[in-house]
Amino acid sequence: MNIYVYTIRRSLYVIPILLGVSMMIFFLFNFISGDPTSILLGPHATAVQMAELRQELGLDRAWYFQYWDIVKSAFTFDFGRSWTTKQQISSMLSSGAIPSMTVSIPAFIISTVLSISIALLISFFRGGWLDKTVVFVCVTMMSISSLAYILFSQWFFAFKLGWFEISGYENGFPDFVPYVLLPILIWVMMTIGPNVRFFRTVMLDEVYQDYVRTARSKGLSEYYILFKHVLKNAMIPIITYVVIQIPFLILGALLTESFFGIPGLGSMTLDAINGNDFPVIKAMTILTAVAYIIFSLITDVLYTVVDPRVRLK
Amino acid sequence: MSEKILEVKDLVVQFNTDRGVITAVNGVNLEVYKGKTLGVVGESGSGKSVTALSVMGLIPSPPGKIASGSILYRGEELTTIEQTDMRKIRGNKISMIFQEPMTSLNPVFTVGNQIEEVLKLHQRELSKVERKKKAIEMLTLVGIPSPEQRVKEYPHQLSGGMRQRVMIAMALSCEPDILIADEPTTALDVTIQAQILELMKKLQKDLGMAIIFITHDLGVVAETCDDVAVMYCGKIVERGDVKTIFKSPQHPYTIGLLHSIPAYDSTTGEQKGRLTTIEGMVPSLFDLPKGCSFQDRCGYASDRCRSEEPSLDDVGNGHGVSCFTPVQK
């Protein structure tokens, strides 16, 4: 079977997963979260007002119409209008995605490339002082709360030293650049610790394999063995770990965005949660699920490229 | 006598462990001659693999190190050689095959790629096309059917025996002087074992290389080796040509090993008598007894064996025995 047929067949598995996800979203928003009209109108609303709002928001329709809306939106990305801003959610999403990605994509690339390089370097000098120091620093960095990074950097780097903008955002390149530098730096600092430790473990698992001994017995240099033999084997777990992070890049970083005033999907979600804007929260939930499903599909297909042992069946 | 190409002199290899320093190889002397096969026999932990890895310069360091002694390859000292120079010898002049054919090849590269890699490293004059041709040639040489197809395959598509053949093809692709085979047939079926041994013997004849054959299987030794060194607890306890070792062994350990081979009646195929074993266990390298390491398992041990260490003395014709009470027949 070739890779195209495999991809198509694997894509068909998406359908039942989407059905399950849409059902869970339906139950969460329609039965568990309580009556949205009483949340929106407050405790002193009259029954007539509530009934009017219910009709206005389309909550009086039969449950299968409401469920169908969720399923449909997973494919059409038409999520209706926001309850608070009255804007089309799809246009809110597309205008919010870009600011999110101006932070998340550079940060993700820098963090991943840097972590893999550091992990390769310390697996080369495994057990030495460099390895021990790096691991120690990583654990220390992992142990610090993300809030501490954000608040300290805003105070020290932006306010005291004046190297960066404290907060804010401007649309269009290169105007946004000064605003995203510090959030990118913080993102990298927050993720590099766990990344390096994961990549190091993966590589050390490979370094002690028999095929590495064979490669040495051929007379290959340690450097070459690490880059050719070890790295390609280590790519298998690394790909899963890296690709599955991509959906979250589109969705943005909740805390970082709202602290830095970046009008991305992260701060939009946070605002929606605070304002009980159900359709926006629902849209973000559906979007996350869809993105996650798509990228796990991509991971599966990539496996077959990296690992010849994965049979296409 | 043919040309001596490798000489190991008083080799001592030590490992630093959490429980202290252990001496895995303790004063080993070996000589390897062109076109001949030297068998190194011993139980697990006797230091035979460590000796082989020392010759390859592949002792994991730390924790291991060659504490003293010398390894001379055609007069060149390998214990103090620069790593870059050693890499030119490894895989090129001295190559090695291992016990684990299932895991010794890299799973994510094709068989052809892995053979060509050695050629690319040591035979730079070959073009890409020539390397490809040579890889197919090597697979043909080790008896792999439809080699043009096989070079494009990955290790998981081959059986254990086929993978060991690929390892041999890889090890021999630069026509080395010495092939070190560390229990190459242990993980294989008996019938495949015989095929691999046949193949190695044939290739040795064709290419004229020396083989250091590490094994615990005396049956294999009898079939393939010219000379034998028997190791116990990091030392050679007896050495000689294969006939002498099998016909008139003198060290009680060698005799014990030979008695532990099941004997079968050649006409009826029934086992002759009960299988004998060597009583006791190999002592831990952490607390070797004073004197001869074999004393606790030896039926002939005297007070002298418990206080003094015997040395490997020549008893004639290159037959060396390290024992105060050798068994004379």
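What is the number of the single condition among (1) open to solvent by 10 Å² or more (accessible area, probe 1.4 Å); (2) away from chain A (no Cβ under 12 Å) that B:I196 does not meet?
Here B:I196 meets the rest and fails (1).
Under 8 Å between Cβ atoms, which residue pairs at least 6 apart in sequence (or on different chains) link something in region B:92-103 that is open to solvent by less than 10 Å² (accessible area, probe 1.4 Å) with a partner that is of a type in the set (F, W, Y)?
B:I94/B:Y73
For region B:185-216, which residues satisfy the criterion of being out of contact with any Phe, Trp or Tyr (no Cβ under 7 Å at 6 or more places or on another chain), in contact (Cβ under 8 Å) with a residue 60 or more places away in the chain and outside any helix (DSSP H, G or I)?
Those that are out of contact with any Phe, Trp or Tyr (no Cβ under 7 Å at 6 or more places or on another chain), in contact (Cβ under 8 Å) with a residue 60 or more places away in the chain and outside any helix (DSSP H, G or I): B:T186, B:A187, B:L188, B:G208, B:M209, B:I211, B:I212, B:F213, B:I214, B:T215, B:H216.
Would you mind finding the one in A:G20, A:G34 that is on the phi > 0 side of the Ramachandran plot and under 30 Å from the mean Cα position of the chain (by Cα)?
Values: A:G20 fails: on the phi > 0 side of the Ramachandran plot.
None of the other options fit; the residue is A:G34.
Scan region A:19-40 residue by residue and report those that are buried (at least 16 other Cβ atoms within 10 Å of the Cβ), more than 17 Å from A:A62 (Cα to Cα) and modelled with pLDDT of 85 or more.
Correct list: A:V21 only.
Cβ contacts < 9 Å: first residue in contact (Cβ under 8 Å) with a residue 60 or more places away in the chain and farther than 22 Å from B:Q164 by Cβ, restricted to region B:109-125; second residue assigned to a helix (DSSP H, G or I) and of a type outside the set (S, T, N, Q), any location; separation 6+ or different chain. Result?
Every condition considered, no pair remains.
Mind listing whichever residues of region B:52-101 are touching a Phe, Trp or Tyr at 6+ places or on another chain (Cβ under 6 Å) and more than 10 Å from chain A (Cβ to nearest Cβ)?
Here is the first cut: in region B:52-101, the residues touching a Phe, Trp or Tyr at 6+ places or on another chain (Cβ under 6 Å) are B:63-64.
Correct list: B:G64 only.
Taking region A:229-269 as the region of interest, how many residues are open to solvent by 50 Å² or more (accessible area, probe 1.4 Å), aliphatic (A, V, I, L, M) and away from chain B (no Cβ under 14 Å)?
Here the count works out to 3.
Any idea which of (1) within 18 Å of the chain's Cα centre (by Cα); (2) in contact (Cβ under 8 Å) with a residue 40 or more places away in the chain is the one B:E223 doesn't satisfy?
(2)
Any idea which residue in region A:194-226 is nearest to the chain's Cα centre (by Cα), counting only those that are among the charged types (D, E, K, R) and outside any loop (DSSP other than H, G, I, E, B)? Steps first, please.
To start, the set of residues in region A:194-226 that are among the charged types (D, E, K, R) comprises A:197, A:200, A:205-206, A:210, A:213, A:216, A:218, A:222.
From the residues that got through so far, the ones that are outside any loop (DSSP other than H, G, I, E, B) too are A:197, A:200, A:205-206, A:210, A:213, A:216, A:222.
Numbers: A:R197: 19, A:R200: 22, A:D205: 27, A:E206: 28, A:D210: 36, A:R213: 38, A:R216: 39, A:E222: 35 Å.
Of everything passing the filter in region A:194-226, A:R197 is nearest to the chain's Cα centre (by Cα).
Check off (1) buried (at least 17 other Cβ atoms within 10 Å of the Cβ); (2) touching a residue at least 60 places away in the same chain (Cβ under 8 Å); (3) over 17 Å from the mean Cα position of the chain (by Cα) for B:Y253 and give me the number that stays unchecked.
Only one criterion is unmet by B:Y253, namely (2).
The values are calculated or read from the model by the stated rules, or taken from the named source; none is laboratory data. Since the structure is predicted, the reported quantities are computational estimates derived from the model, not experimental observations. Ideal geometry is used to build each Cβ from the backbone, glycine not excepted, and the neighbour counts take in all protein chains shown. Ligands, DNA and RNA are excluded from the accessible area calculation, which covers all protein heavy atoms including side chains. Shrake-Rupley method; radii C 1.70, N 1.55, O 1.52, S 1.80 Å.
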